[in-house]
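Encoded as structure tokens, the structure appears first; notes follow it.
Every number in this text was worked out from the coordinates using simple rules, so none of it is lab data. On a predicted model such as this, the values are computed, not experimentally measured, just so you know. Here the Cβ is made from the backbone with ideal geometry for all residues, glycine too, and neighbour counts use every protein chain on show.
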Amino acid sequence: MKYFETHAHYSDEAFLENQSEILKKCKENGIEYIIDVGYNIKSSIDAIELAKKYDFIYSAIGIHPHDVNNADYNELYNLYKDNANGKIVAIGEIGLDYAFVSDNKAEQIDLFINQIEVANKLKLPIIIHSRDAYLDTYNVIKEHKPLYGALFHCFHPNDDLVRLVKENGYTVAFGGNITYKRGKKFAEYVKEIPIEQIVIETDSPYLPPEPYRGTINTSLNLPIICNKLAEYKEMDVEQVAKIVYENSKRFFNIKE
Ligand SMILES: [Zn+2]
Ligand SMILES: [Zn+2]
């Protein structure tokens, strides 16, 4: 089976010693595409450079809410303009995260809105990171519509978000989180979201799926996530793999 990794951070220090080895293994094991995702200017440049080095890697550039304090989002325009072959296919990851710091909500919201505008001007989709901030995320997206697609990464569903996603045709990515022990409701939400709007990710090196929690995650774990998704959807796993693969290519507008 072929897989499309929609979210990974291969310039993370966790891969300092084995980055090329892991990427080679990915290629050998059916990982046909990887989106390497930036979370500040430095990691966005790293993602661009990685995409220049490897045919099967594409980049997303953006500033994560954790980096709100030194966030020069205008720099994203320059990165895009100066790196025609950096295969930049999205603005991300961007969004809101109130899990650790919640006394800077206004700044986070401003940065999120400004980067949605960058994406709209560059005609790129966005990759959204949202943690403990679903209501504000919901309101921002409703008011400031991403015009070229929105992907909710590591999607944690609830009634409002699932409705927003369905109404607007947005895309959601499930990762290791889908394998964790969840209430019945989680499975019901997964069932409710059309398969055409779902992709898979690992968020490597973070969020390893069961039974590998506590280890360094890699894209080689994508089949585990795909299996779980097929189980929740009560669909054939090969069919699910094929559909989410095509969804990913379509979302990131990758033709080759
Ligand atoms: Zn994230
Ligand atoms: Zn991430």
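A straight Cα-to-Cα reach below 12 Å connects Lys52 with the aspartates and glutamates Asp36, residues fewer than 8 places away in its own chain not being considered.
Each residue, Asn114 and Glu192, gets one label point 7 Å from its Cα in the Cβ direction; the gap between the two is 3.6 nm. Residues Ile34, Ile41, Ile48, arranged from fewest to most other Cβ atoms within 10 angstrom of their Cβ, appear as Ile41, Ile48, Ile34.
Relative to the Cα centre, the charge distribution of the chain, modelled as +1 at Lys and Arg Cβ and -1 at Asp and Glu Cβ, gives a dipole magnitude of about 660 debye. Here the label points at Glu246 and Asp160, each 7 Å from Cα along the C-beta direction, are separated by 3.5 nm in the simple model. Please compare each pair in Lys24/Lys142; Lys81/Lys249; Lys142/Lys191; Lys24/Lys185; Lys27/Lys191 to a cut-off of 29 Å on the Cα-Cα distance and tell me which ones are over it. In this structure, Lys24/Lys142; Lys24/Lys185; Lys27/Lys191 exceed 29 Å between Cα atoms. Per-residue Cβ neighbour counts within 10 Å put Phe15, Phe251 in the sequence Phe15, Phe251, beginning with the fewest. Here the chain is treated as an ellipsoid with the same Cα gyration tensor; its semi-axes, largest first and in whole Å, are 25, 23, 17.
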